Structures are given as structure tokens and as C-alpha cells.
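Down below is the structure, laid out as C-alpha cells.
The values are calculated or read from the model by the stated rules, or taken from the named source; none is laboratory data. Here the structure is a predicted model, which is why all the values come from computation and not from measurement. Don't worry about glycine lacking a Cβ; one is built from the backbone with ideal geometry, like all the others, and counts go over all protein chains shown. Side chains included, ligands, DNA and RNA excluded: accessible areas come from the protein's heavy atoms. Shrake-Rupley method; radii C 1.70, N 1.55, O 1.52, S 1.80 Å.
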Amino acid sequence: RCVAGSPMAEFSTPPTIDPIAAMRWQRQAPAHSPWLHEEVGRRMEERLAWIMQKPAAWCSWEPLYGGLAVHQRVAERYPQSALSIVETQPSHEAALREQLSSPWWSMSRWRQPRLHWGQPEAGSVNMVWANMALHNHPNPQQLLQTWHQLLAVDGFVMFSCLGPDTLAEVRAVYAQQGWPAASHEFTDMHDWGDMLVQAGFAEPVMDMERITLSYSSAQKLRAELRELGRNLHPCRFGGLRGRQWLAQL
């Protein structure tokens, strides 16, 4: 809930996300993979080399927006593993199916012993791969529990998300101008670890990398941010901004 007279909100647990806005963004998210998602996913995929046991079956969670190229890297790492692809938005599943059937994709690269579309049965996969899916989700705790239910005993989840330092400079500009929050708060990795334990996972291992991006103009920054998400803060500015505000920004 928003505190009266304050642009900030009071919450019992992070993140500060308006669930209605978050669900709207899930429907509106681009039907392609942002380059930043691919870069983060590439770094996460390299960490699979640390895990000796190869999954007999794995689940790729929302790979179209999460990173289609890195999804392919994981599929090539486990060519004999059964694969389930989950796209929670029907429009994204249709777009992904169309992309995989287009001539520029070599279908042999996507061949798996068993390819299943849709959520796999509970306890049927050894790995859930979920790149950049949690930080904009309306109920991340519930999503973690869903992933846990899909996993067999000794299975694991590989996920990534934006951290609390994200957009620090942009949020500082908004604060200096006295504007409502520029974005929702991003969850700290220690809080993710606590939520993983609450969802039933054992021995979560968290890792952090800082990626610094520079832009030649504010316009290019805004264009990229619009591809990566929306301001989901419950106390964000509630109306439409005008040209004068945009020039000031």
C-alpha cells in the first residue's frame, strides 16, 4: 500500500511490485530476446560447467524473451536430454513456434530425444533454466515454488535477475527532482536465497556480477529500458507525462 503523503510504499516483503502492472507487462513484453538478456544468459550458461551431472530432462522457462540464443547453447550442451519449453503467454509460444519453423533456423540444432511444449509433470525434470524472469514477476515466491514442484529429487534451478543496484543513477535523478519512484525495488540476492529456502530448495548458491552500461543519449537509454521492462512501483506517477516533463528528464 502507498503511504499517504509519501511517494514511497510500505511493504512487508520485497519486491515493491504492482501485480496488475506486472501481469500487463508480461502480456506486452517484446516477442524477442533483448541483447542484455542474451549476455546475462551467456554468463550463466558458462556456470553449467561446474555441474558434473547432466540432466536427463530439463525445462526452458520463457526462452523467447529470456534469451533464445542462450537457450540454444544450453540445448547444445545437453543434446541427449529431454526438453520441455514453457511460454506462459500464448502469443509468445506462437511466435517461438513460428521462429523455430523458419528456414534460417537449422532444425537439426533443435532436435532433442523428446521435445514437449508446455509445463512438464511435477518431479519430472532435473533442471529448470529461467533467465531474467523473476524481477518483473508479480509473485516471484509462487514462481519459485512452481519451479521447485517441477524438479525431481536432486534437481536444480538456474535463474538470473536484475539486482538492487539496477537503475541507481536513474532513480537518483527522479529523487533529486522530487518525482515518484523511477522503478520498483529490485530484490537483493540474500533475499532471493531466503525465498528459495522457503520454497523448498536446499543450499542455494547466489552469485553477483555488476554490468555497467553507457549510452550516448538519453533517448537510447529510454528506448532500451522500454524493451527491458516497465516501472512497476505501486506509487509510480499515475498519469501521462507531458513534453515539458520529457524535456526536463
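A few comments on the model shown:
- Spans of helices (runs of 4 or more DSSP H) in the range 154-232 with at least 2 residues over 30 Å from residue 52 (Cβ atoms) and open to solvent by less than 50 Å² (accessible area, probe 1.4 Å): 168-177, 218-228
- Subset of the range 119-145 [within 19 Å of residue 83 (Cα to Cα) and surrounded by fewer than 16 Cβ atoms within 10 Å (Cβ to Cβ)]: 121, 122, 123
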